[in-house]
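Working notes, beginning with the structure itself.
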Amino acid sequence: MNEESIKIEIPNEEEVDYIDDMLMEHNKLSKPFEQDEPYIKINRCIKNEKGEVIGGILAYSVFWHIFYIDTLWIHDDYRNRGYGSILLKEAEDAARSQGCHIAHLDTFDFQGPDFYMKNGYKVFGILEDSPKGHKEYFLTKKL
C-alpha cells in the first residue's frame, strides 16, 4: 500500500475492538501475561448507615500483576475521616492477594497527590498544563 492509498477514519466499535485485540496480542507475544485474565477488577465501595455509597475505589490487576488505580472518590461530607485510606488499603491488600507487586495511578493537583503520598506513594512524573494551569501527577508504590 502506498501513502496515497491510505486514509484516516474514526473507527467503528468492531474496529476499536480489533485494534485493542491486536495490541493485546502483541503484548502477550512480547511478554506473556502472568495472570489468567488481562484485567481483574479490584473494586470496593463504602456505604453509610443508610446503605448509600459514600465512596469507592475502582482498580485492576493488569497483565503482569500490576495494580492500577483508576478512580478513588469519597463524598465531600465524608472526607478527612480516613475512609479514603481505608479503601486504598483494602484494595492494596486485595491486589497483593492477586500477586500484584507494584501499584500506579495518576491524579491532578486539585485531586489527591498529597493523599497518595501520605499513603506511601511516590511521584515518578508530573505533566505540566494538564489541564491548563494545573499539573497531573503520576505515582507509584511497591506493594
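Per-residue answers, yes or no, for (1) assigned to a strand (DSSP E or B); (2) more than 24 Å from residue 47 (Cβ to Cβ); (3) of a type in the set (Ser, Thr, Tyr); (4) out of contact with any Ser or Thr (no Cβ under 9 Å at 6 or more places or on another chain):
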position	(1), (2), (3), (4)
115	no, no, no, no
124	yes, yes, no, no
127	yes, yes, no, yes
130	no, yes, yes, yes
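Tally up the residues in region 132-143 that are charged (D, E, K, R), closer than 24 Å to residue 90 by Cα and touching a Ser or Thr at 6+ places or on another chain (Cβ under 7 Å), please.
Summing the residues that are charged (D, E, K, R), closer than 24 Å to residue 90 by Cα and touching a Ser or Thr at 6+ places or on another chain (Cβ under 7 Å) in region 132-143 gives 0.
Could you list all residues from region 103-143 that are of a type in the set (A, V, I, L, M, F, W, C), in contact with a Leu (Cβ under 6 Å, 6 or more places away or on another chain) and surrounded by fewer than 19 Cβ atoms within 10 Å (Cβ to Cβ)?
Within region 103-143, 123 is the sole residue that qualifies.
Check residue 34 against each of (1) closer than 21 Å to residue 89 by Cβ; (2) in contact (Cβ under 8 Å) with a residue 60 or more places away in the chain; (3) surrounded by fewer than 16 Cβ atoms within 10 Å (Cβ to Cβ) and name the one condition it does not meet.
In the conditions (1) closer than 21 Å to residue 89 by Cβ; (2) in contact (Cβ under 8 Å) with a residue 60 or more places away in the chain; (3) surrounded by fewer than 16 Cβ atoms within 10 Å (Cβ to Cβ), residue 34 misses (1) alone.
Tell me, which residue of region 40-84 that is within 18 Å of residue 100 (Cβ to Cβ) and of a type in the set (Ser, Thr, Tyr) is surrounded by the fewest Cβ atoms within 10 Å (Cβ to Cβ)?
Let us first name the residues in region 40-84 that are within 18 Å of residue 100 (Cβ to Cβ), namely 40-44, 57-72.
Subset that is of a type in the set (Ser, Thr, Tyr): 60-61, 68, 71.
Values: 60: 21, 61: 24, 68: 19, 71: 10.
So the residue we want is 71.
Only the coordinates and a few stated rules stand behind these numbers; no lab work does. The shown structure was predicted, so the numbers you read here are calculated from the model rather than taken from an experiment. Virtual Cβ from ideal backbone geometry, glycine too; neighbours counted across all protein chains shown.
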